[in-house]
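J.: Below are the structure tokens for one structure; questions will follow.
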Amino acid sequence: METVTVVGLGKIGLPLASVFANSGHFNVIGADKNEKVVETVNKGISHISNEPGLDQLLYQAWKKGTFRATVDTAKAVSQSDVVVVIVPVLVDDKGKINYEFIDSAVEDIGKGIRKGTLVIFETTLPAGDTRNRFGKRIEELSGLTLGTDFYLGYSPERVYSNRIIQDLSNYPKIVSGDSGKSLQMVISFYKKALNCDIIPVSNLETAEFTKVAESVYRDVNIALVNELAIYADSLGVNMKEVIHAANSQPFSHLHSPGVGVGGHCIPVYPYFFINNGLSRGLVQLSREINDKMAKYAVNEIEKHFTTLNNKNILILGLSFRENVKETTNSSTLLLVEELKQKGAVVYVDDPLYSDEEIAAFQVEPFSMKDREKMDAIILQAFHDQYKNFDFKNFPNCQFVLDGRNVLDKKTIEGLGMKYRGIGVQ
């Protein structure tokens, strides 16, 4: 069997490697700089939680001996026929791209690569990076020639947390190569590794652009409906009702408004366009609109109380979205910042986090002993545990801000509380 090295055993890399290792076609080496991650993987134990099917897949591969992990990326690469790179590219709070981790991985790949190896990048990247930044660097480090001595592909990950295993088989795989031969090698690999539909595109840059465009589409459409929701508020129009009615027309697909957009993808990848030539227009404006929704929500609460100074506000959900333990770009962080500027005392509840983890964000972890203190509640991440949340337990709460437009307005108002959604009064 061929050997595949997956560089990066994070929330996408580990499931990907586990699926490859159970395909019946490959021996897999997982390379990661985190020694604790490598240690647990080499015991058949996943460090990724809330990912259905992953624990079993990893254990099966470990038991069969088709998956092992190492911190020595260069050595793993030197033993491999295929290298798949899924190491994050980060963006700072000013939108500047940080290549630190993936550049380090490429250095190791360049030092270990052997002739005939296929290197595929799955990390979301600005168009041109696979060829011009990473392909060239591997050439410089290895002394090998791209297209002759080694081959380069790009196939973006397109999965969603909490259903990664399912998405790997259900979503078509977009594939590309630096040449016709590379493309055929990439197609052949994924047919065996994932047994999913394949969509070949003409070059690396097209595949890179496609993945970013997917996230930009969602960000722009969320910004559109957020802008419309604010306008609807000013007219006393129920945006939730508008969306239901408008989307009965097959060419209308209004998204849902909300208190903000979080995560690794939607608020991040637009900057791959913004910082590479698309500096003005809808993409930039959408980022501004979506990041201002937390401020809008807090201002709506302040209108009810006149002042938020010394008011006790409870935010439900530290995670950036429902049922995922991940805080990257969470709207809660923006809400906390806005509330503190108004002098409010901020409490946060999240069933996926310990009190210590919540307190690390300089907020008060909520306890039921504090329930009578709460003046207002904001729903930010609608975890399953909140579907039966009992607002009766908060006798002094005056205001509920439904940041995801999912709560029952009549129930809340029946308790004498003011209900407010995003575009829903």
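J.: Of all residues in the stretch 133-173, count the ones that are among the aromatic types (F, W, Y) and outside any strand (DSSP E or B).
T.: The number of residues fulfilling the criteria is 3.
J.: Can you name every residue in the stretch 163-177 that is within 14 Å of E122 (Cβ to Cβ) and within 16 Å of the chain's Cα centre (by Cα)?
T.: Those that are within 14 Å of E122 (Cβ to Cβ) and within 16 Å of the chain's Cα centre (by Cα): I164, D167, L168.
J.: Hey, any hits in the stretch 387-399 for a residue that's at pLDDT 95 or above and either within 17 Å of A294 (Cα to Cα) or among the small types (G, A, S) (or both)?
T.: yes
J.: Out of K115, K63, report the one residue that is out of contact with any Leu (no Cβ under 9 Å at 6 or more places or on another chain), surrounded by fewer than 21 Cβ atoms within 10 Å (Cβ to Cβ) and among the basic types (K, R).
T.: K63
J.: Is it the case, given these coordinates, that L194 is more than 29 Å from V91 (Cα to Cα) and either out of contact with any Gly (no Cβ under 8 Å at 6 or more places or on another chain) or not assigned by TED's automatic domain parsing to the domain that holds V7 (or both)?
T.: Considered against the rule, which asks whether it is more than 29 Å from V91 (Cα to Cα) and either out of contact with any Gly (no Cβ under 8 Å at 6 or more places or on another chain) or not assigned by TED's automatic domain parsing to the domain that holds V7 (or both), L194 comes out as yes.
J.: Looking at G24, is it assigned to a strand (DSSP E or B) and either among the small types (G, A, S) or at positive phi (or both)?
T.: Judged against the criteria, G24 is not a match.
J.: Would you confirm, using the coordinates I've provided, whether N276 is closer than 23 Å to T123 by Cβ, among the polar types (S, T, N, Q) and in the same structural domain as Y419 (by TED's automatic domain parsing)?
T.: For N276, the condition - closer than 23 Å to T123 by Cβ, among the polar types (S, T, N, Q) and in the same structural domain as Y419 (by TED's automatic domain parsing) - is met.
J.: From S248, S176, grab the single residue that is part of a strand (DSSP E or B), polar (S, T, N, Q) and either touching a Lys or Arg at 6+ places or on another chain (Cβ under 7 Å) or over 21 Å from I266 (Cα atoms) (or both).
T.: Result: S176 is the single residue among S248, S176 that is part of a strand (DSSP E or B), polar (S, T, N, Q) and either touching a Lys or Arg at 6+ places or on another chain (Cβ under 7 Å) or over 21 Å from I266 (Cα atoms) (or both).
J.: Could you please give the count of residues in the stretch 398-421 that are in contact with a Phe, Trp or Tyr (Cβ under 8 Å, 6 or more places away or on another chain) and touching a residue at least 60 places away in the same chain (Cβ under 8 Å)?
T.: Of the residues in the stretch 398-421, 5 are in contact with a Phe, Trp or Tyr (Cβ under 8 Å, 6 or more places away or on another chain) and touching a residue at least 60 places away in the same chain (Cβ under 8 Å).
J.: Are any residues in the stretch 360-383 farther than 23 Å from A297 by Cα and of a type in the set (A, V, I, L, M), and if so, which ones?
T.: Passing the criteria: A360, M368.
J.: Filtering the stretch 38-71 down to residues that are assigned to a helix (DSSP H, G or I) and of a type in the set (D, E, K, R), which residue is nearest to the chain's Cα centre (by Cα)?
T.: Selected residue: D55.
J.: Taking the stated definitions as given, is E139 farther than 24 Å from I187 by Cβ, in contact with a Leu (Cβ under 7 Å, 6 or more places away or on another chain) and either among the charged types (D, E, K, R) or buried (at least 23 other Cβ atoms within 10 Å of the Cβ) (or both)?
T.: no
J.: Among the polar types (S, T, N, Q) and within 29 Å of S23 (Cα to Cα) - does that describe any residue in the stretch 185-198?
T.: Yes, because at least one residue in the stretch 185-198 is among the polar types (S, T, N, Q) and within 29 Å of S23 (Cα to Cα).
The values are calculated or read from the model by the stated rules, or taken from the named source; none is laboratory data. All values reported here derive from a predicted model rather than from experimental measurement. Cβ sites come from the backbone with ideal geometry, for glycine too, and all protein chains shown count toward neighbours.
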